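The values are calculated or read from the model by the stated rules, or taken from the named source; none is laboratory data. From a predicted model like this one, the values you see are computed outputs, not experimental measurements. Backbone-built Cβ (ideal geometry, glycine too); neighbour counts: all protein chains shown.
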Amino acid sequence: MNIATSKGKPTWLLISLLLVAAAFTVLILNLAHAPRRVSAHSGEVFGPACGAAFLDGKVDPAEWSGASTQTFLMDSPSGAAPFTASLYVMNSGSYLYLGITINDDEFSTIGTWLPHGDGFRIDFDNDHDGLLSEPGDDVLDIFAGSPQFEDDYIYVETSSESDVIGGGTSNGSGAASRMGNLNHFELRHPLCSGDSLDFCLHPTDAIGFRLEYLDAQADGSFGSSQFFPVFGESSEADIVIGQCSIADIFIYLPLITK
């Protein structure tokens, strides 16, 4: 195609406009076919909140008074009856603390499919991209039975195993007990342990998470799983890390010598 003026010379302005229009068309086509990121965050945000608690399996209101907290229903995809849970979230200068109470009707320490009984699995979205259970994501477990705490990671999509098995270290601790008509669970995990299988969080960072309650029945059988916010690998709430200088509460037994 020969684009020229009445004198036979190219109209450079018109050529430039055509090139810009062509580039714009290519950009629009690329955007139309590009994969769209779907926001998976529920809008439920915990923190920033500063605090530290002594982990004795009792979510003491005094110890957790500075926590960011919500009470909510945990529903089961199987249609089982929901549980009512309260989640408390806070961090010190070095650790993330989670306290949870739930109105289960018993405190089961063992089960056929749950060797450590009732417990919570907490899946984290380490890179906060809206997708859970990606290889390398952190998973924390807290159980009614012993051992009550496990530091795990996703080694293949949706499947987790101990950090120790994966060549890392177990970082954190937890405790659980029955108080009145509620099961209580407490745990802590370093904000940045240095283990490549753990998340590394700093003040103002946000990390996605999902709670799953695993309900063992009194007779040892498996009951159901309940979730918050809801069941699904792309549904999560958020934790925002606070700028906190509070010291952690560790109790060490005295050395006994004979």
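Just a few scattered comments:
- Selection count where residues are under 18 Å from Phe231 (Cα atoms), in contact (Cβ under 8 Å) with a residue 40 or more places away in the chain and not charged (D, E, K, R), scope the range 99-142: 11
- Within the range 195-208, residues that are exposed (fewer than 14 other Cβ atoms within 10 Å of the Cβ) reach partners that are outside any strand (DSSP E or B) with beta carbons closer than 6 Å, at six or more positions or on different chains, in the pairs Pro203/Ile241; Pro203/Gln243.
- Residue satisfying all of: in the range 105-139; aliphatic (A, V, I, L, M) and in a strand (DSSP E or B); surrounded by the fewest Cβ atoms within 10 Å (Cβ to Cβ) among these: Ile122
- Residues within the range 125-174 that are at pLDDT below 95 and either hydrophobic (A, V, I, L, M, F, W, C) or touching a helix residue (DSSP H, G or I) at 6+ places or on another chain (Cβ under 6 Å) (or both), tallied: 3
- For the range 177-213, filtering for residues that are more than 19 Å from the chain's Cα centre (by Cα) and either at positive phi or among the polar types (S, T, N, Q) (or both) leaves 4.
- Complete set of residues in the range 68-95 that are over 21 Å from Phe199 (Cα atoms) and assigned to a loop (DSSP other than H, G, I, E, B): Ser76, Pro77, Ser78, Gly79, Ala80, Ala81, Pro82
- Restricting the range 224-243 to residues that are of a type in the set (A, V, I, L, M, F, W, C) and assigned to a loop (DSSP other than H, G, I, E, B) leaves a set whose member that is nearest to Val156 (Cα to Cα) is Phe231.
- The one condition in (1) in contact (Cβ under 8 Å) with a residue 40 or more places away in the chain; (2) buried (at least 23 other Cβ atoms within 10 Å of the Cβ); (3) not in a loop (DSSP other than H, G, I, E, B) that Asp152 fails to fulfil: (1)
- Single unsatisfied condition, Ala216 versus (1) more than 25 Å from Val156 (Cβ to Cβ); (2) among the hydrophobic types (A, V, I, L, M, F, W, C); (3) within 13 Å of the chain's Cα centre (by Cα): (3)
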